[in-house]
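What follows is calculated from the coordinates using simple rules that are stated; it is not laboratory data. Remember, it's a predicted structure, so these values are computed and weren't measured experimentally. With ideal geometry, Cβ positions are generated from the backbone for all residues, glycine too; neighbour counts draw on all protein chains shown.
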Amino acid sequence: MFKKILLLMREKIRLNQYVLTVHADEEMDADEFSVFDVENCILVGEITERQKDVNTGEWKYLVKGNSMDNDNMSIVGKISPTGKLVIITVFAD
């Protein structure tokens, strides 16, 4: 499901073409995840849900995967109009 978007997200991770929101950074700290955990989650995970942002109308995607320590985690991300991957939030499952 949403294979093209997932492949694009993975490419953005590999090319370091992504940004973390302040909220995502705060949630990473709260759940003791690193940026490497976020990258791994996207590289090995799967998109399980697509959500439409009610304010912007943009599509965002829920990716479920694993941290570097193999803990279950999820990220919500989207492709911005500039073409970068934006990590909106991060949380432990």
From (1) free of Cβ contacts under 8 Å to residues at least 40 places away in the same chain; (2) under 16 Å from Leu15 (Cα atoms), pick out the condition that doesn't hold for Gly83. (1)
Among (1) charged (D, E, K, R); (2) touching a residue at least 60 places away in the same chain (Cβ under 8 Å); (3) more than 20 Å from Leu8 (Cα to Cα), the one test that Asp93 misses: (2)
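Looking at region 12-51 only, could you name the residues that are of a type in the set (D, E, K, R) and out of contact with any Lys or Arg (no Cβ under 7 Å at 6 or more places or on another chain)?
Arg14, Asp25, Glu26, Glu27, Asp29, Asp31, Glu32, Asp37, Glu39, Glu49, Arg50
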Within region 1-37, the count of residues that are loosely packed, with under 11 Cβ neighbours inside 10 Å, without any contact (Cβ under 8 Å) to a residue 24 or more places away in the chain and among the hydrophobic types (A, V, I, L, M, F, W, C) comes to 3
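Among the residues of region 60-77, are any in contact (Cβ under 8 Å) with a residue 60 or more places away in the chain, crowded, with 16+ Cβ neighbours inside 10 Å, within 17 Å of Ile5 (Cα to Cα) and not polar (S, T, N, Q)? Don't jump to the end; show me each part of the working.
At the first step, the residues of region 60-77 found to be in contact (Cβ under 8 Å) with a residue 60 or more places away in the chain are 77.
Filter once more, so that each one left must be crowded, with 16+ Cβ neighbours inside 10 Å: 77.
Now narrow it down to the ones that are within 17 Å of Ile5 (Cα to Cα): 77.
In the following step, the residues that additionally are not polar (S, T, N, Q) were identified as 77.
The answer is yes, given that some residue of region 60-77 is in contact (Cβ under 8 Å) with a residue 60 or more places away in the chain, crowded, with 16+ Cβ neighbours inside 10 Å, within 17 Å of Ile5 (Cα to Cα) and not polar (S, T, N, Q).
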If we scan region 30-44, do we find a residue that is of a type in the set (Gly, Ala, Ser) and touching a strand residue (DSSP E or B) at 6+ places or on another chain (Cβ under 6 Å)? no
Quick test of your reading of the structure: Thr82 fulfils all but one of (1) touching a Gly at 6+ places or on another chain (Cβ under 7 Å); (2) β-branched (Val, Ile, Thr); (3) surrounded by fewer than 17 Cβ atoms within 10 Å (Cβ to Cβ). Name the failing condition by number. (1)
